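Undergrad: Here it is: the structure, laid out below.
The values are calculated or read from the model by the stated rules, or taken from the named source; none is laboratory data. As the structure is a prediction and not an experimental result, all values here were calculated from the model. Cβ: placed from backbone, ideal geometry, glycine included. Neighbour counts: every protein chain shown. To get the accessible areas, we keep the full protein, side chains included, count just its heavy atoms, and leave off ligands, DNA and RNA. Shrake-Rupley method; radii C 1.70, N 1.55, O 1.52, S 1.80 Å.
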Amino acid sequence: MVTQLDEKIVLLKEQVKKLQSQKDSLIKELDRIEEKFENQDRLYRKYLPLIIDALAAGDTHFSKVCCDLGAALKKGASFVKISYIFEKLKTAMIKEGIGPVEPKRKKGIFASIMKSSTNNFIEDFKVSYHGILDNLRSILDNRYATRMDNIAHKISSVADTGDITDIRESMFSLIFSYISETSQDREKVNSFVQDIVGKILDIEAKVFISHDQTTSLLSSNLGFDTLLNTELTDLQKTSDVASSLDDLKFQITERLRSIEKALNKKQLQDKEIQAAAEKSRNVFRSGFARLKQKLEKATKYSEKLEKKLNQDQLTGSFNRRAYDKKISEEMERFLRYGTIFSLLLIDADNFKKVNDRYGHSIGDRCLKEIIKRSIPLLGKNDMLARYGGEEFAVIMPETDSGGAKKAAEKVRKTIEKIEFLYKNEKVKVTVSIGITQTQEGDTDHLQIFERADIAVYKAKENGRNQVVVH
């Protein structure tokens with residue numbers, strides 16, 4: 001007899017079957033899309049660097065940026081870095097008049113000054129800073145939304161170049177807060193910050209140019225004033241000679257007085273403008289100095305945070321997070337270029353007994369000493385990281401298992417000489433080390449780790465304090 005429960009079970013089974021079918025269909029579609037993307041990616045990375053190399057001939061800024069782009073593509077650089085280089089390439093194309101963009105004609109100093117001192121410059125400034133803010137909105141989360149809205153309001157309210165300092169300080173304060181609080185990959189954060197700050201510096205460089213041009217104009221005016229004064233003096237002398245033409249002399253003299261009065265007024269105005277321009281220049285100079293100091297401080301702070309995030313707090317070595325990143329990078333190099341590397345797993349022997357008998361403080365000293373003695377025996381490109389507990393991993397780029405074994409033996413022999421005194425009792429420590437290198441057919445770094453782990457197990461099974469190569 002079929003019960004209501006049996007009917008529900010049948011219905012659920014049909015739903016599960018339907019969902020499984022949908023899942024299979026979606027997985028196939030995903031595989032197809034991924035395959036298409038990988039094919040396109042391989043095609044671009046194969047031929048695009050060749051095209052860029054052909055464009056990179058010459059000694060222009062555009063050529064140099066092309067070289068940077070080609071190198072980044074060949075090395076498989078991150079999406080953020082390649083995007084940043086593309087932005088530099090676009091800027092170089094515009095500046096050098098390459099492509100469909102019509103090169104700007106060179107203008108005289110007066111035309112250039114007039115433009116920089118009018119609303120055109122202010123509008124350009126607003127557009128540029130709004131662009132930077134839009135970039136920030138695409139990266140920063142909602143925690144910073146209110147501050148970004150306030151900055152947007154300030155940008156929209158800009159009346160003259162004197163308002164730029166406050167906007168720059170607000171923008172940089174926001175960026176510094178993001179650096180301090182974010183938990184994202186520090187390398188990507190650094191690249192993002194460099195991009196944003198670079199754009200800010202580009203914008204404010206235009207302000208400097210504007211002030212430089214204003215000063216040039218004022219200097220030119222002063223020269224003109226001197227020349228005009230000379231001409232007025234000569235004209236006055238001429239009119240004095242023409243005594244037989246009293247009426248003409250009177251008219252010329254009156255006009256000269258009017259011109260002289262206007263000229264004196266203009267000279268006073270020029271001096272006031274020059275003083276204001278010099279004051280503004282000094283403000284921007286000090287602002288740039290502070291900006292550079294803050295950038296340096298932010299960079300150092302970001303580097304400090306990155307180091308802290310990748311450092312094991314007990315031993316000072318790299319931690320598991322740093323290991324995962326490094327092993328992924330080396331695996332990618334192996335899969336892309338066939339560049340081999342070796343992996344060492346170092347496991348302290350009978351470490352639980354050490355902790356149980358002598359206490360964790362002695363155990364911690366043992367771990368610190370293992371790191372301290374091991375690092376000098378490794379190559380400068382090798383990375384030693386605490387994998388977990390009393391287990392350490394060493395990634396050795398471009399090193400085969402033979403070279404890795406020589407280094408491992410040095411480590412093992414050095415560590416077996418370590419002795420601590422605990423209540424007049426000698427505490428010794430030894431390690432078992434497992435080694436493997438990349439092999440044909442490896443597709444994931446976990447395969448390599450598993451082989452090294454098996455080698456460690458065999459070393460312990462064979463009596464500990466020895467090196468085994470898988």
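Undergrad: Measure up Lys380/Lys417; Lys74/Lys199; Lys199/Lys271 against 31 Å on the Cα-Cα distance and list the ones that go over. All intermediate terms of the calculation are to be shown ahead of the outcome.
TA: Numbers: Lys380/Lys417 24 Å; Lys74/Lys199 26 Å; Lys199/Lys271 34 Å.
Table pairs above 31 Å Cα-Cα are Lys199/Lys271.
Undergrad: Continuing with the same structure: Taking K and R as +1 and D and E as -1, what net charge do the other residues with C-beta under 14 Å from the C-beta of Met383 add up to? Mind dumping the intermediate values first?
TA: On the way: positive: Lys307, Arg320, Arg321, Lys325, Lys326, Arg333, Lys380, Arg386; negative: Asp312, Asp324, Glu329, Glu330, Asp382, Glu398.
So the environment of Met383 carries a net charge of +2.
Undergrad: If you take the alpha carbon radius of gyration of the range 388-470 and divide it by 2.2 N^0.38 Å, what ratio comes out, to two decimals?
TA: 1.23
Undergrad: Could you report the range 288-401's accessible area per residue, 1.4 Å probe, as an integer in Å²? Don't skip to the end; give the middle numbers.
TA: Numbers: 6070 Å² over 114 residues.
Averaged over the residues of the range 288-401, the accessible area is 53 Å².
Undergrad: Could I have the simple spin-label model distance between Lys352 and Asp141, label points 7 Å from Cα toward Cβ, reported in nm to one decimal?
TA: 3.9 nm
Undergrad: OK, next. To the nearest 20 Debye, how big is the dipole of the range 337-439 about its Cα centre, given +1 on the beta carbon of each Lys and Arg and -1 on that of each Asp and Glu? Display every interim value, and only then the final one.
TA: Working: 18 positive and 14 negative charges, 83 e Å.
Using only the charged Cβ atoms, the result is roughly 400 debye.
Undergrad: Go ahead and run the numbers for FRET between Ala71 and Thr3, Cβ-Cβ distance against an R0 of 51 Å, rounding to 0.05.
TA: Working: r = 71 Å, r/R0 = 1.39.
Efficiency, from the Cβ-Cβ distance: 0.10.
Undergrad: Residues with beta-carbon under 14 Å from that of Ile362, excluding Ile362: net charge, scoring Lys, Arg +1 and Asp, Glu -1?
TA: Details: positive: Lys352, Lys353, Arg357, Arg365, Lys368, Lys423, Lys426, Lys428; negative: Asp356, Asp364, Glu369, Glu390, Glu419, Glu425.
Local charge sum for Ile362: +2.
Undergrad: If you don't mind, there's one more thing I want to ask. Given labels modelled 7 Å from the Cα in the Cβ direction, how far is it in nm from Glu461 to Lys380?
TA: Computed distance between label sites Glu461 and Lys380 equals 4.1 nm.
Undergrad: Hey, another quick one. In nanometres, what is the gap between the two model label sites at Lys426 and Ser157, each 7 Å from Cα along Cα-to-Cβ?
TA: 7.7 nm
Undergrad: Further, regarding this structure: For Glu14, what is the net charge nearby, where nearby means another residue's Cβ is under 14 Å from its Cβ and Lys, Arg count +1, Asp, Glu -1? Could you put the intermediate results ahead of the total?
TA: Details: positive: Lys8, Lys13, Lys17, Lys18; negative: Asp6, Glu7.
Overall, the nearby charge balance is +2.
Undergrad: Mind scanning Lys368/Lys428; Lys36/Lys90; Lys307/Lys405; Lys353/Lys458 and naming the pairs with a C-alpha gap bigger than 18 Å?
TA: On the way: Lys368/Lys428 14 Å; Lys36/Lys90 28 Å; Lys307/Lys405 29 Å; Lys353/Lys458 20 Å.
Over 18 Å apart, Cα to Cα: Lys36/Lys90; Lys307/Lys405; Lys353/Lys458.
Undergrad: Counting only the heavy atoms of the protein chains, how much of Leu377 is accessible to a 1.4 Å probe, in Å² to the nearest 10?
TA: Result for Leu377: roughly 60 Å² accessible.
Undergrad: Follow-up question, since we're still on this one. What residue among Val431, Ser361, Met383 has its Cα farthest toward the positive end of the dipole of the range 344-447, where the charges are +1 on Lys, Arg and -1 on Asp, Glu, each on the Cβ?
TA: So the residue furthest toward the plus end is Ser361.
Undergrad: Another question about this same structure. Zone of Leu314 (label point 7 Å along Cα→Cβ, backbone N under 19 Å): which residues in the range 344-367?
TA: 345-367
Undergrad: Which trypsin sites (Lys or Arg not before Pro) in the range 409-470 sit in a loop by DSSP (not H, G, I, E or B) and have at most 13 other Cβ atoms within 10 Å of their own Cβ?
TA: Here the trypsin sites (Lys or Arg not before Pro) that fit, given the DSSP loop and packing criteria, are Lys417, Lys423.
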